[in-house]
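First the structure, in the form of structure tokens, and then the observations on it.
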Amino acid sequence: MKKIYSLLIFCVALMTMAQAVAQESHPGVRYDGSITIDLFGSKTTLENQSVYIVNSADGTSCEFALYDFSLDGESSIGSIEVPNVKIVSGADNIKNYSGAKDGIELAKGDIIANCTLDGTETSDGTMAMNIHVVWVMDPTNPESNVPIEVTFNGKKVPGQTSGIDDIATSADAKVVKVYNQNGMELSEPAKGLNIVVYSDGTVVKIMNTK
């Protein structure tokens, strides 16, 4: 009964994803658009949805995040975050994304999900991302898994910096401060998310994988 209830929570959550709470507090570049959920062959499209990308320092990988699943717009049951997503540039400056993350805990650990994703982003910031979510009912019995296909279609919100290809600093700007994601000042960039402040006032979020 508990597993059935958890599945119902997960299904309803996916179909009622509220727009992320306090979007500006999340690291990375925000993309706004719509999400289509295919569950048991029934498709539902939700508007005003957002995903986030935090690029690595060299631009060859990123962290993808779909934050704050919510049933009531206030109480989150968790987020899907996929680190080390590969980025490969193709023809016409199209970025190709691919990555995976197993063991994502949702609903306070009542739900364990695996996720793989693949998608593209065009030079104008238009993104199409396929998020393949699998709820693992029984790790010893793959046939009991529940697949849920989530598709995001949207576009990068203007006026943001990715930490890689959109940094706009003056020619003589220098790094004056570096912080981690918790706001603690660092003596130098550390592994993970770094918030870098330049002398011209520019603030850039950079994901350092080294």
Inset, instruction - Would you mind checking which residues have amide H under 5 Å from residue 94's amide H? H placed 1.01 Å from N; only 5 or more apart, or other chain. - result: none
Legend entry - Contour minus Cα-Cα distance for residue 157 and residue 105 (0.36 nm per residue): 15.9 nm
Legend entry - In Hz, Karplus ³J(HN,Hα) per residue of region 28-45 (6.51, -1.76, 1.60; θ = phi - 60°; x = Gly, Pro): x, 8, 8, 10, 9, x, 10, 10, 10, 10, 10, 10, 6, x, 9, 9, 10, 10
Legend entry - Loop GluC sites (Glu not before Pro), region 32-134 (other Cβ atoms within 10 Å of the site Cβ: 10 or fewer; DSSP): 74
Inset, instruction - Show the residues, 5+ positions off or on another chain, whose built amide H is closer than 5 Å to the amide H of residue 39. - result: 44
Inset, instruction - State, to one decimal in nm, how far the label point of residue 118 lies from the label point of residue 132, with both points 7 Å from Cα in the Cβ direction. - result: 0.7
Legend entry - Accessible area in the full protein assembly, largest first, 1.4 Å probe, for 132, 26: 132, 26
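The values are calculated or read from the model by the stated rules, or taken from the named source; none is laboratory data. From a predicted model like this one, the values you see are computed outputs, not experimental measurements. Cβ coordinates were reconstructed from backbone atoms using ideal geometry, including for glycine residues, and neighbour counts include every protein chain displayed. Calculation scope for accessible area: heavy atoms of the full protein, side chains included, ligands and nucleic acids excluded. Shrake-Rupley method; radii C 1.70, N 1.55, O 1.52, S 1.80 Å.
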